[in-house]
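What follows is a single structure, written as structure tokens, with notes after it.
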Amino acid sequence: MSNSSDPQEVERYQQELNLLEQVHVALGTASKLDDFYLITASLLVDPNAFGYSRAFILRCDERCNTFIGRVALGLKTAEEDKEFRNSLMEETLHLQELVKAIETDSGEAHAIQPLYDLRYHTLWIEMLQADSKCEDFNLAFRDVSLHRDGLPSNHLLEIAATSTRASLIEGDGALDGLEDFISTPCVAGRLITRRGLHGIVIADCSFESDGMDEERLYHFQWLLNHASVTLENVELVEDLTATTIRLQEMDRLKTNFLSIVSHELRTPLTSIIGFVHLLLNEKMGALTRPQLDLLKRVSQHSSHLQSMVNDILEIAEVEGGGMVNVMLEHVDPLEAFLSVLPRVENRRGSRNIVIEPVLQDTVPLVWADQNALERVYYHLLENAVKFIPTEGRVTLEFNEHEGMLDIAIQDTGIGISEENLKKIFDHFYQVDFRLERVYGGMGIGLTVVKLLLDAMKGRIRVESTEGQGSRFILSFPVVPTGRRG
Ligand code: ADP
């Protein structure tokens with residue numbers, strides 16, 4: 001706006017601002033493509049906004065090189081137009097009175113105006129779509145399809161599709177195939193997004209006395225710019241929604257798959273473990289030393305496999321809406337540690353790793369589930385050992401405060417970066433995803449830990465420094481009287 005204090009100029013500026021606000025509010029409500037078409041077209045035919053007689057949006061389908069009619073709003077004759085506008089105006093006055101009454105009561109003029117605009121647009125769309133009197137002139141979602149190859153270069157659609165700015169169309173023949181919806185003179189311009197040409201918007205002024213001028217064209221182009229930005233957002237939201245639905249479906253299939261596979265694996269594994277147990281106990285006859293050693297390894301590996309299968313099954317069950325079953329009782333946390341220690345020591349291989357608790361006078365009993373706590377220990381200790389490359393130390397330390405017992409499992413391994421610390425509890429997440437990665441594992445240990453702790457009402461937090469080591473701290477409520485000497 002210039003600095004002029006010309007009252008006409010000031011009024012024009014005010015009108016433009018109102019229009020801008022109206023467009024923003026109306027377009028801002030579009031979250032689906034069909035809503036977007038209706039809102040854009042209704043803004044064009046709304047006498048309080050752009051005031052065109054009719055508006056029409058054609059989608060451009062680049063696959064089949066065709067323009068396809070999506071929405072047309074408008075009336076066939078000037079009489080119908082007049083009647084329609086009169087009834088709309090009555091409704092509008094009524095709405096305006098309501099808004100005034102609320103404003104006077106509450107003084108919230110700014111909050112009310114957008115609501116009014118929104119309501120007004122909804123009303124316009126409703127009337128065009130639903131009022132039985134509107135049936136013959138409501139052309140929304142009419143079927144029109146014009147193949148681009150057959151269009152002459154002076155056709156309105158070709159002119160609009162190839163011009164960067166909106167055009168004023170007057171010539172004969174420019175409307176071939178669209179005569180039912182629009183008449184000349186009209187304005188036409190393109191809706192364009194990052195994906196390319198989305199469609200063409202056309203509006204005519206056939207029932208208006210003041211006709212077309214440069215200012216109308218300027219405002220029309222201005223609407224197209226706003227509409228294109230909104231359209232891009234709507235496309236993004238639609239894409240995201242479709243992707244989310246697809247991912248949810250894939251996630252459901254994955255959970256089903258995991259649950260079926262682990263069920264199927266569990267049965268033969270149980271038999272293997274049972275038979276190996278029989279052989280190891282020499283129920284089928286005496287074994288030589290080397291046979292016994294080999295069978296012991298088979299037994300260890302199949303037990304490890306069994307616990308992995310159980311972990312996957314547990315995750316699948318919880319994801320499918322089930323629960324982890326735990327029974328809270330008085331548990332001695334040091335004893336639970338000592339009972340998993342031999343299994344963890346087996347995981348050291350030839351590396352020189354010391355695993356030991358920091359000795360303390362007393363360790364209180366905690367509220368937990370014995371079996372679940374052992375599984376939590378196993379996963380944390382297994383990781384602590386796994387991520388120490390050659391030699392190091394894993395310690396377990398108890399610290400009681402304010403009715404809680406903190407159990408810290410600390411290692412001198414490779415540590416975890418700050419960025420990865422946020423993700424390690426997600427299932428199947430591993431800092432090193434490569435197939436040729438150095439450290440094995442499925443990326444579910446910490447997920448199981450989290451599930452078990454949630455079920456036991458325990459907590460976990462982690463501190464780590466890359467290259468120096470990690471410290472996982474568990475917290476459980478202490479049993480008030482239980483003391484272990
Ligand atoms: P995984 O079977 O891969 O060990 P987890 O869920 O137990 O799966 O752990 C997820 C990831 O968190 C691991 O792949 C590893 O990158 C990281 N991580 C877990 N514990 C430690 C640790 N003590 N030291 C270093 N990295 C760890």
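Taking the conditions exactly as written (away from the ligand (no atom under 13 Å from the Cβ), aliphatic (A, V, I, L, M) and open to solvent by 50 Å² or more (accessible area, probe 1.4 Å)), does Val363 satisfy them or not?
So Val363 fails the test.
Among the residues of the range 421-440, are any under 23 Å from Glu356 (Cα atoms) and either in contact (Cβ under 8 Å) with a residue 40 or more places away in the chain or exposed (fewer than 13 other Cβ atoms within 10 Å of the Cβ) (or both)?
yes
Give the residues of the range 444-485 that are farther than 21 Å from Leu381 by Cβ and either at pLDDT below 90 or touching a Cys at 6+ places or on another chain (Cβ under 8 Å) (or both), sorted by residue number.
Pro480, Thr481, Gly482, Arg483, Gly485
For the range 446-480, how many residues meet the condition of being more than 21 Å from Gly392 (Cα to Cα) and within 11 Å of the ligand (Cβ to nearest atom)?
5
Does at least one position in the range 336-343 carry a residue that is modelled with pLDDT under 95 and more than 30 Å from Gly403 (Cα to Cα)?
Looking through the range 336-343, at least one residue is modelled with pLDDT under 95 and more than 30 Å from Gly403 (Cα to Cα).
Which of the following residues is outside any helix (DSSP H, G or I), within 38 Å of the chain's Cα centre (by Cα) and surrounded by 14 or more Cβ atoms within 10 Å (Cβ to Cβ): Val261, Val234, Val324, Val309?
On inspection, the qualifying residue turns out to be Val324.
Which one of the conditions (1) part of a loop (DSSP other than H, G, I, E, B); (2) closer than 22 Å to Val309 by Cα; (3) open to solvent by less than 50 Å² (accessible area, probe 1.4 Å) does Tyr377 fail to meet, given that it meets all the rest?
With (1) part of a loop (DSSP other than H, G, I, E, B); (2) closer than 22 Å to Val309 by Cα; (3) open to solvent by less than 50 Å² (accessible area, probe 1.4 Å) applied to Tyr377, the lone miss is (1).
Just one of Glu264, Glu232, Glu238, Glu249 is charged (D, E, K, R) and touching a residue at least 60 places away in the same chain (Cβ under 8 Å); which is it?
Testing whether each residue is charged (D, E, K, R) and touching a residue at least 60 places away in the same chain (Cβ under 8 Å) leaves just Glu238.
Which numbered condition in (1) modelled with pLDDT under 90; (2) of a type in the set (Asp, Glu); (3) within 30 Å of Arg54 (Cα to Cα) is the only one that Asp251 fails?
Result: Asp251 passes all but (3).
Kindly indicate whether Glu317 is within 40 Å of the chain's Cα centre (by Cα), without any contact (Cβ under 8 Å) to a residue 60 or more places away in the chain and open to solvent by 60 Å² or more (accessible area, probe 1.4 Å).
The answer is yes for Glu317.
Rundown of residues vs (1) at pLDDT 95 or above; (2) within 11 Å of the ligand (Cβ to nearest atom); (3) small (Gly, Ala, Ser); (4) not assigned by TED's automatic domain parsing to the domain that holds Thr465, yes/no style:
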position: Leu381; (1), (2), (3), (4): yes, yes, no, no
position: Phe387; (1), (2), (3), (4): no, yes, no, no
position: Thr395; (1), (2), (3), (4): yes, no, no, no
position: Asp411; (1), (2), (3), (4): yes, yes, no, no
position: Val438; (1), (2), (3), (4): no, yes, no, no
position: Met442; (1), (2), (3), (4): no, yes, no, no
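The values are calculated or read from the model by the stated rules, or taken from the named source; none is laboratory data. Quick caveat: nothing in here was measured; it's all calculated off a predicted structure. Ideal geometry is used to build each Cβ from the backbone, glycine not excepted, and the neighbour counts take in all protein chains shown. For the accessible areas, the whole protein counts, side chains as well, though only heavy atoms, and no ligand, DNA or RNA atoms are used. Shrake-Rupley method; radii C 1.70, N 1.55, O 1.52, S 1.80 Å.
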